[in-house]
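Below is one structure, written out as structure tokens; the observations come after it.
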Amino acid sequence: MSQSQVRKFEMRAEELLELVTLFEQNQIEVILDGGWGVDAQLGEQTRPHEDLDIAMPHKYVPLARALLEARGYTDVPRPDTRDCNFVLGDDCSHLIDFHTYTFDEQGVLVFGLPYLPDSLTGVGFVLGHPVRCITHSGWSNSILVMLTMKMTIRM
């Protein structure tokens, strides 16, 4: 494949909101993670995003898959694919990276990616619309350094 034929993936804010709305209308809890999670906390898009990283309770995976498959999404094979971490993509170059988890009644992780329960309680904004997102406690140190630098530059 030549340089001009390389597929360019992008998840725009409008498309993100369409997907979040789809999930919410079907009572699926979805929490933005990754780059969009950071930008939601900042309240603005800071860069283009190749995909949408979402965290959700694992119990919603069958319904989320069915809704997206009806829209033309299929599995995108990757070496790190697992039941709790997989990617779906469509023919319009949209990628959704799923990060799922299950907690027991005491809040102890019993399946999936190792989120802390408190890290799943953030609220941010995409194009002025409120969305759930990973909190600072769920971010890596490199993201926190980047945010600190961005806030310092703004002051």
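The values are calculated or read from the model by the stated rules, or taken from the named source; none is laboratory data. Small disclaimer: the values here were computed from a predicted structure and weren't measured. Neighbour counts are summed over all protein chains in view; Cβ atoms, including those assigned to glycine, are modelled from backbone coordinates with ideal geometry.
Quick notes on this structure:
So that you can scan it fast, the table gives a plain yes or no per residue for (1) within 17 Å of Leu127 (Cα to Cα); (2) touching a strand residue (DSSP E or B) at 6+ places or on another chain (Cβ under 8 Å); (3) modelled with pLDDT under 95:
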residue	(1), (2), (3)
Ser2	no, no, yes
Arg7	no, no, yes
Glu14	yes, no, no
Val61	no, yes, no
Leu67	no, no, no
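- Of all residues making up segment 111-145, the number that are farther than 28 Å from Glu14 by Cβ, surrounded by fewer than 17 Cβ atoms within 10 Å (Cβ to Cβ) and modelled with pLDDT of 95 or more: 1
- Of all the residues in segment 7-59, those that are charged (D, E, K, R) and within 9 Å of the chain's Cα centre (by Cα) number 3.
- Selection within segment 71-102 - among the hydrophobic types (A, V, I, L, M, F, W, C) and either in contact with a Leu (Cβ under 6 Å, 6 or more places away or on another chain) or within 17 Å of Lys8 (Cα to Cα) (or both): Val76, Cys84, Val87, Leu88, Cys92, Leu95, Ile96
- Flag if Gly107 is at pLDDT below 95 and not hydroxyl-bearing (Ser, Thr, Tyr): yes
- Listed by position, the helices (runs of 4 or more DSSP H) inside segment 1-71 whose residues that are free of Cβ contacts under 8 Å to residues at least 40 places away in the same chain and surrounded by 15 or more Cβ atoms within 10 Å (Cβ to Cβ) number at least 1 are 34-42, 61-69.
- Search result, residues across segment 74-110 that are hydrophobic (A, V, I, L, M, F, W, C), surrounded by fewer than 14 Cβ atoms within 10 Å (Cβ to Cβ) and in a strand (DSSP E or B): Val110
- Identity of the residue in segment 12-37, in contact with a Phe, Trp or Tyr (Cβ under 7 Å, 6 or more places away or on another chain) and among the aliphatic types (A, V, I, L, M), that ends up farthest from Phe103 (Cα to Cα): Leu16
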